[in-house]
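Notes follow once the structure below has been shown.
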Amino acid sequence: MLDDHDLVIRDGHILAILPAATTSGGIVHDAKGQLMTPGLIDCHTHLVFGGNRAAEWEQRMNGVSYQAISAQGGGINATVAATRQASESDLLQLAILRLQRLLNEGVTTLEIKSGYGLTLENEAKMLRVARQLAAQHPVEISPTLLAAHAAPVEYRHDKEAYISLVCDTLLPQLWQEGLFEAVDIFCESVGFTPQQCERVFASAQRYGIPVKGHVEQLSLLDGAQLVSRYQGLSADHLEYLDERGVQAMRASGTVAVLLPGAYYFLRETQAPPIETLRRYQVPIAVATDYNPGTSPFASLHLAMNMACVQFGLTPEEAWNGVTRHAAQALGRQHSHGQLKAGFVADLALWQVKQPVEIIYEPGRNPLYARIFRGYITHGSVR
């Protein structure tokens, strides 16, 4: 915490941070003593989709398991059907409303995954929407190909054939079109086996594409070790992560991304092994996992609060989780997530005295101003 300092911006980047009254020239904005932090980074979202799954949530509240709902054609494939039916324009308008809620909380960078199209045409449609969001709004978006999210209904009896489609068609063609920057998988009993996921990673590796994974959410399949063997950017969820998986993540530099919204919404009882992650000094990020089925929360402030209350993170760890460690989970650790010379000038100003206040009361949004690449996009700074 630095009191009475000036932050100097040039060409969208931080030039210097200096004691107040030692700088001169240029355009001066008076932040009136507000708390300044890096802009927030939401490193795991499924922001683009059609429909909703409120009826499934009601089923779960009446005792039906997530796995049973998926087996009945619900779950991810219910959203796939709604997303396929929606036009690109409709998906864009829905996504804009969701995105605005994150921007209003001080988010300046976020990841958006595909995975609700599961055909070349519809995965491309989702990724084009993500690109349009970035073009139309003051935000940086990291698009991720999650074609290995679930087997679509037309491949429900032949997951191997669908994985071949992903590896041989979807991944190379969409990469050639420049529509994504990383590849994700869902390694789980209701998703894909580790062997099937490794086929996707091997295909990504041939093109030099970074990988990440939804792993150890509902069971232990050693998905974190698989992600780590491919030097993955992040392993996400991790409720059933064991010490061997943590050791592998430490060795590969893979970030642990915690998604407390899904843990809460699914009423899970086994929390990620926070103490083991701390002991091995694995960087821990926190994200919303915003999606229609298991985490319908477009609030990174709420995710930070949940990470502290449910998982036992300290407030400082939660802040690292949505700034420097979230940047690392997106491969942006050398340019994002810190107030540091040479980093992008993505900032947030808050009407609070201490950073903990923003986590402590998630229903209150004390954002005073949001700055993207040095330009004020929200707030009343003059």
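The values are calculated or read from the model by the stated rules, or taken from the named source; none is laboratory data. Quantities reported herein were computed from a predicted structural model and do not represent experimental measurements. Positions of Cβ are generated from backbone atoms using ideal geometry, with glycine treated the same way; all protein chains shown enter the neighbour counts. Surface accessibility is based on the protein's heavy atoms, side chains included, excluding ligands, DNA and RNA. Shrake-Rupley method; radii C 1.70, N 1.55, O 1.52, S 1.80 Å.
Against the chain, whose longest principal axis comes from its Cα atoms, helix 76-85 is set at around 80 degrees. Counting only protein heavy atoms and using a 1.4 Å probe, the accessible area of LEU120 comes to about 60 Å².
How much of the accessible area of region 1-108, probe 1.4 Å, is carbon plus sulfur, in whole percent? Reported share for carbon and sulfur atoms: 53 percent. Which residue fluctuates the most in the chain, going by a Gaussian network model with Cα springs under 10 Å, if the choices are THR37, THR119, THR23? Evaluated over the chain, the most mobile residue of the options is THR23.
Using +1 at the C-beta of Lys and Arg and -1 at the C-beta of Asp and Glu, which of ASN52, LEU110, GLN67 has the Cα lying farthest in the positive direction of the dipole of region 38-122? The Cα lying farthest towards the positive end belongs to GLN67. Distance between Cα centroids, region 270-286 to region 83-121: provide it in whole Å. Answer, in whole Å: 29. Antiparallel beta bridges, as assigned by DSSP with both residues in the chain, represent about 45 percent of the total such bridges. In the calculated pair-distance distribution of region 36-87, the portion above 15 angstrom amounts to 57 percent of the Cα-Cα pairs.
Accessible surface of GLU275, taken over heavy atoms with a 1.4 Å probe and every protein chain present, rounds to 120 Å².
What the Cβ-Cβ distance of ARG244 and THR269 gives, at R0 = 30 Å and to the nearest 0.05, is a FRET efficiency of 0.85. Within region 127-149, what residues put their amide N at less than 18 Å from the label point 7 Å along the Cα-to-Cβ vector of ASP90? Only 127-130 fall inside the zone, counting backbone N under 18 Å. What's the extension gain from ARG10 to GLN100 if we count 0.36 nm per residue and subtract their Cα-Cα distance? Gain on extension, ARG10 to GLN100, equals 29.7 nm. The label-point distance for LEU120 and LEU220, in a model that sets each label 7 Å from Cα toward Cβ, rounds to 4.2 nm. Give me the net charge of ILE9's neighbourhood, meaning all other residues with Cβ under 12 Å from the Cβ of ILE9; Lys, Arg count +1, Asp, Glu -1. Residues near ILE9 contribute -1 overall. Charge tally for HIS325 (other residues, Cβ to Cβ under 12 Å; Lys, Arg +1; Asp, Glu -1): 0. Toward the positive end of the charge dipole of region 219-352, with +1 on the Cβ of Lys and Arg and -1 on the Cβ of Asp and Glu, the farthest Cα among HIS334, ALA298, ALA256 is that of HIS334. Remark on the chain: Rg and Dmax equal 20.4, 69 Å (Cα only).
Can you give me the accessible area per residue for the chain, using a 1.4 Å probe, in Å²? It would help to have the intermediate numbers written out before the result.
Values: 15760 Å² over 382 residues.
Accessible surface, normalised per residue, equals 41 Å².
Quick one: if the Förster radius is 45 Å, what FRET efficiency do TYR360 and SER164 give, using the C-beta to C-beta distance and rounding to 0.05? Computed FRET efficiency for TYR360 and SER164 comes out at 0.35. When the residues TRP350, TRP319, TRP57 are ordered by accessible surface, computed with a 1.4 Å probe over the protein chains alone, the sequence from largest down reads TRP57, TRP319, TRP350. Taking a straight line from the alpha carbon of LYS32, these lysines sit under 23 Å away, with near neighbours fewer than eight places off in the same chain left out: LYS340, LYS353. Once the C-beta distance of ALA202 and GLN281 is scaled by a Förster radius of 41 Å, the resulting FRET efficiency is 0.90 to the nearest 0.05.
Between the helical axis of 120-136 and the longest alpha-carbon principal axis of the chain there is an angle of about 10 degrees. Counting only protein heavy atoms and a probe of 1.4 Å, the accessible surface of region 266-382 is 49% carbon and sulfur.
When +1 charges are put on Lys and Arg Cβ atoms and -1 charges on Asp and Glu Cβ atoms, the dipole computed for the chain relative to its Cα centre reaches about 420 debye. Note on LYS159: aspartates and glutamates with a C-alpha under 17 Å away, same-chain residues under 8 apart excluded, are ASP168, ASP184, GLU188, GLU198. Of the residues MET36, MET306, ranked by 1.4 Å probe accessible area with the largest first, the sequence reads MET36, MET306. Report summary: the helix-based calculation at 222 nm, which adds -39500 (n - 2.57) for every DSSP H run with n ≥ 4 and divides by the residues of the chain, gives -10500 deg cm²/dmol. If a spin label sat at a point 7 angstrom from the Cα of THR377 along the line to its beta carbon, the backbone N atoms of region 1-37 nearer than 19 Å would be those of 9-15, 36-37.
Helix 300-311 and the long axis of the chain differ in direction by around 70°, with both axes built from C-alpha atoms.
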